[in-house]
Amino acid sequence: MNLTEQVVRSFQNIENERHRFLITTFIRKLHEYVNEVKPSEEEWIQAIRFLTDTGKLCDEQRQEYILLSDVLGVSMLVDQILHEKNEIQTPSTVFGPFFIENMPVRPYGGSIVRDGGDKIKPLLVRGRIMDTDGRAIAGARIDVWQTAENGMYSGQDTKQSHDNLRGTFLSREDGSYAFQTHLPVSYPIPDDGTVGQLLGYAKRSVWRPAHIHFKIEAEGFQTLVTHLFLEGDEYLANDAVFGVKERLIVRFSEQKADKNSREEYGLTQDYHLIEYDFVLTGVSP
Ligand code: BEZ
Ligand code: FE
């Protein structure tokens with residue numbers, strides 16, 4: 001019996017069939033890889049060192065392995081396998097490491113800007129949450145988060161208020177949602193660790209195109225984790241984590257403050273507008 005089969009056999013006593021499949025398939029593919037590349041002793045120890053250093057960077061705040069999965073395209077591959085079920089639903093994309101739970105629930109049309117918002121032109125984001133038949137989903141919980149002008153998220157940047165550029169909104173009876181923020185900016189993913197070294201070595205960009213994150217939950221529907229990207233961003237074609245999907249790229253328009261913007265959203269100055277409807281897929285019974 002060859003070595004690979006011997007190792008596979010040594011795991012045959014795992015009772016859970018799925019777990020047995022996961023580990024034995026991993027061993028077969030890993031052995032296939034090693035057989036193909038035939039590493040030198042030096043290359044083998046370098047790989048061990050890379051994995052060790054990556055693990056040392058992980059704690060409650062930072063997950064360098066998820067970042068590694070992101071830049072290797074594995075996160076988006078898992079996303080593709082799990083979520084691309086129909087053409088109508090809004091596509092999902094990477095979750096990223098910067099979500100914070102339990103942000104304040106803000107009223108319809110409220111602003112997520114906590115720090116220094118008066119200096120930047122407002123952006124109104126609005127639309128509807130719908131099912132795949134176009135029916136309104138009321139009471140959907142919509143979490144949004146984005147970076148500040150300096151390209152950093154609250155939590156990552158200790159100078160920002162904890163809830164700056166984050167918030168939770170609930171869709172209304174007709175499925176509508178709205179919130180105020182400002183245009184997001186493109187920013188580099190954390191590049192001071194092993195993932196940054198790898199990208200540097202490969203002369204790859206560490207930048208992500210500007211986006212706003214969304215997590216949308218509603219009873220009876222699959223949770224949607226996605227972003228909206230801005231049309232025209234210079235990094236759309238080479239996102240460091242491969243998260244861009246065509247249908248998530250949106251155009252923003254310039255709007256003049258008027259009676260309606262004042263009365264409905266308290267917008268007294270000119271603003272940017274993004275209109276986008278999100279479509280959720282029902283959970284199969
Ligand atoms: C983000 O968009 O927040 C993100 C996603 C993947 C890796 C790093 C950051
Ligand atoms: Fe992000």
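What are the residues in the stretch 1-30 that are touching a Phe, Trp or Tyr at 6+ places or on another chain (Cβ under 7 Å) and among the polar types (S, T, N, Q), if any?
Selection gives Thr24 alone.
Any residue that is of a type in the set (Asp, Glu) and surrounded by 13 or more Cβ atoms within 10 Å (Cβ to Cβ) - is there at least one of those in the stretch 96-106? Can you show your working first?
Taking the stretch 96-106 and keeping what is of a type in the set (Asp, Glu), we get 101.
Pick out the ones that are also surrounded by 13 or more Cβ atoms within 10 Å (Cβ to Cβ) and you get none.
No - not one qualifying residue is present in the stretch 96-106.
If the requirement is being more than 14 Å from ligand 1 (Cβ to nearest atom) and under 25 Å from Lys121 (Cβ atoms), which of these qualifies: Gly232, Gly220? Full working, then the answer.
Values: Gly220 fails: under 25 Å from Lys121 (Cβ atoms).
Unique residue meeting the criteria: Gly232.
Determine, yes or no, whether Tyr177 is assigned by TED's automatic domain parsing to the domain that holds Asn102, away from ligand 1 (no atom under 16 Å from the Cβ), closer than 20 Å to Pro104 by Cα and out of contact with any helix residue (DSSP H, G or I) (no Cβ under 9 Å at 6 or more places or on another chain).
Details: assigned by TED's automatic domain parsing to the domain that holds Asn102: yes; away from ligand 1 (no atom under 16 Å from the Cβ): yes; closer than 20 Å to Pro104 by Cα: yes; out of contact with any helix residue (DSSP H, G or I) (no Cβ under 9 Å at 6 or more places or on another chain): yes.
Judged against the criteria, Tyr177 is a match.
Could you pull out the residue among Lys29, Lys85, Lys38 that is touching a Ser or Thr at 6+ places or on another chain (Cβ under 7 Å), more than 25 Å from Gln146 (Cβ to Cβ), open to solvent by 90 Å² or more (accessible area, probe 1.4 Å) and away from ligand 2 (no atom under 16 Å from the Cβ)? Explain how you work it out, then say what you get.
On the way: Lys29 fails: touching a Ser or Thr at 6+ places or on another chain (Cβ under 7 Å); Lys38 fails: touching a Ser or Thr at 6+ places or on another chain (Cβ under 7 Å).
Sole residue among the options that is touching a Ser or Thr at 6+ places or on another chain (Cβ under 7 Å), more than 25 Å from Gln146 (Cβ to Cβ), open to solvent by 90 Å² or more (accessible area, probe 1.4 Å) and away from ligand 2 (no atom under 16 Å from the Cβ): Lys85.
Quick check on Thr90: is it farther than 30 Å from Phe169 by Cα, at pLDDT 95 or above, away from ligand 2 (no atom under 16 Å from the Cβ) and surrounded by 15 or more Cβ atoms within 10 Å (Cβ to Cβ)?
Working: farther than 30 Å from Phe169 by Cα: no; at pLDDT 95 or above: yes; away from ligand 2 (no atom under 16 Å from the Cβ): yes; surrounded by 15 or more Cβ atoms within 10 Å (Cβ to Cβ): yes.
Against the criterion (farther than 30 Å from Phe169 by Cα, at pLDDT 95 or above, away from ligand 2 (no atom under 16 Å from the Cβ) and surrounded by 15 or more Cβ atoms within 10 Å (Cβ to Cβ)), Thr90 does not qualify.
Output the residue which, of all residues in the stretch 76-108 that are among the charged types (D, E, K, R) and farther than 20 Å from Ile212 by Cα, is nearest to the chain's Cα centre (by Cα). Don't jump to the end; show me each part of the working.
Narrowing the stretch 76-108 to residues among the charged types (D, E, K, R): 79, 84-85, 87, 101, 106.
Now narrow it down to the ones that are farther than 20 Å from Ile212 by Cα: 84-85, 87.
Working: Glu84: 16, Lys85: 19, Glu87: 20 Å.
This residue is Glu84.
How many residues, within the stretch 252-284, are touching a residue at least 12 places away in the same chain (Cβ under 8 Å) and either polar (S, T, N, Q) or open to solvent by less than 70 Å² (accessible area, probe 1.4 Å) (or both)?
First pass over the stretch 252-284, keeping only residues touching a residue at least 12 places away in the same chain (Cβ under 8 Å): 252-257, 261, 264-267, 269-283.
Those still in the list that are either polar (S, T, N, Q) or open to solvent by less than 70 Å² (accessible area, probe 1.4 Å) (or both) too: 252-253, 255, 257, 261, 265-267, 269-274, 276, 278-282.
Looking only at that region, the number is 20.
Of the residues that make up the stretch 158-165, is at least one within 16 Å of ligand 2 (Cβ to nearest atom), in a strand (DSSP E or B), under 18 Å from the mean Cα position of the chain (by Cα) and buried (at least 20 other Cβ atoms within 10 Å of the Cβ)? Spell out how you get there, then give the answer.
Filtering the stretch 158-165 for residues within 16 Å of ligand 2 (Cβ to nearest atom) gives 160, 164-165.
Then keep just the ones that are in a strand (DSSP E or B); that gives none.
Checking the stretch 158-165: not a single residue is within 16 Å of ligand 2 (Cβ to nearest atom), in a strand (DSSP E or B), under 18 Å from the mean Cα position of the chain (by Cα) and buried (at least 20 other Cβ atoms within 10 Å of the Cβ).
The values are calculated or read from the model by the stated rules, or taken from the named source; none is laboratory data. This one's a predicted model, so the numbers in the text were calculated from it and none came from an experiment. All Cβ positions, even for glycine, are placed from backbone atoms using ideal geometry, and neighbour counts span all protein chains on display. Accessible surface areas use protein heavy atoms only, side chains included; no ligands, DNA or RNA. Shrake-Rupley method; radii C 1.70, N 1.55, O 1.52, S 1.80 Å.
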